[in-house]
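Input: a single structure, listed below in structure tokens.
Bear in mind that the values in this text are calculations on the coordinates, not laboratory data. All figures in this text were calculated on a predicted structure; none of them were measured in a lab. Cβ placement follows ideal geometry from the backbone for every residue including glycine, while neighbour counts extend to all protein chains displayed.
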Amino acid sequence: MEVLVFDIFGSFGHYRKFYTTSSALTYPFPPPTAIRGLIGAIVGYGRNEYLEKTKDLRVGVQILNPIKIIKASINYISTKEGDYELDKKLSNKKDSVKITRTQVIKQILVEPKFRIFACGEGEVFDKLKEYLKEEKVFYTPVLGTSEHLAEVEYVGCYPIRQVENYEGCCFSVCPVEFWEDPEITSVKLGKELIPYDLDQNRLNPRCVQNRLNPRYVEVLYSKDPKVPIRGKFKKVWLVENFEEELAITLFPYEP
């Protein structure tokens, strides 16, 4: 089996946490669900088909740049049909603009850079490999939201194999339950609850728009990209023929 490796980066990024309400908090890295959306954008799958098309891919993410987050006040304007009205004759008066405005505090990633791993085989994998090697995309790739454009840089295609009871370093975001025997070091670790899979057969019954009900998992990541997570791991994937031995975890995962 092979894994495609490519980097994504940009000036800013935002991957909204699912539980935020009045403030828009961001994950420090793209969750697996966002990565599948990015892959769909690169190869040209629409929002109603990318989940089905990419369901057989396993994906992982490694943080390359130090995590820097700023807060900014963002003014949102509702542009839904019927919500936006502007009377040009009264442009200088208070009541001239009858629009729905919402101001939120938004967390923004500064100069984010991530290494993406996509493992699989078949038509979707081959198409993604072709697009990456030829440096082309179908839809504009973004770092979470539409205002944060992303650059995509192909790294290579490498053999990969699964290893159980691995002792060493994990360079990617890793499920907490895979970290069996931690090696205590000075590295600072972060923990997040992330959506890792969206099943088209699992609709959220409480949502009037029938949105998909994701599966969640707690993961660990190193806050210093130069220092990986050390210890004994239940299961990892080893990327072979890379610059160095590279152990990662992939999603969806099997506990």
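Points to keep in mind about this one:
- Across K17/K235; K68/K106; K17/K232; K188/K234; K129/K191; K129/K223, pairs whose alpha-carbon gap is larger than 24 Å: K17/K235; K17/K232; K129/K191; K129/K223
- Neighbour counting of Cβ atoms within 10 Å sorts the residues T20, T249, T102, fewest neighbours leading, into T102, T20, T249.
- Amide proton proximity set for L246, modelled H, under 5 Å, gap of 5+: V239
- Mean Cβ count within 10 Å, highest first, over the residues of peptides 5-15, 103-113: 5-15, 103-113
- Couplings 3J(HN,Hα) for segment 68-73, derived from phi with the Karplus relation 6.51 cos²θ - 1.76 cosθ + 1.60 (θ = phi - 60°), are 10, 10, 10, 10, 9, 8 Hz, where x marks Gly and Pro.
- Distances between placed amide hydrogens fall under 5 Å for N65 paired with K113, all partners being 5 or more residues away or on another chain.
- For segment 1-67, a simple Cβ point-charge model (Lys and Arg +1, Asp and Glu -1, everything else neutral) yields a dipole of about 240 debye relative to the Cα centre.
- Counted by neighbouring Cβ atoms within 10 Å, the residues V219, V43, V124 run from fewest to most as V124, V43, V219.
- Sorted by Cβ neighbour density within 10 Å, fewest at the top, the residues D197, D181: D181, D197
- Vicinal HN-Hα couplings computed from phi for segment 8-21 (Karplus, 6.51 cos²θ - 1.76 cosθ + 1.60; Hz; Gly/Pro x): 10, 7, x, 6, 9, x, 7, 10, 5, 6, 5, 9, 7, 10
- Under Karplus coefficients 6.51, -1.76 and 1.60, residue-wise ³J(HN,Hα) of segment 242-249 in Hz, glycine/proline x: 8, 4, 8, 4, 10, 9, 9, 10
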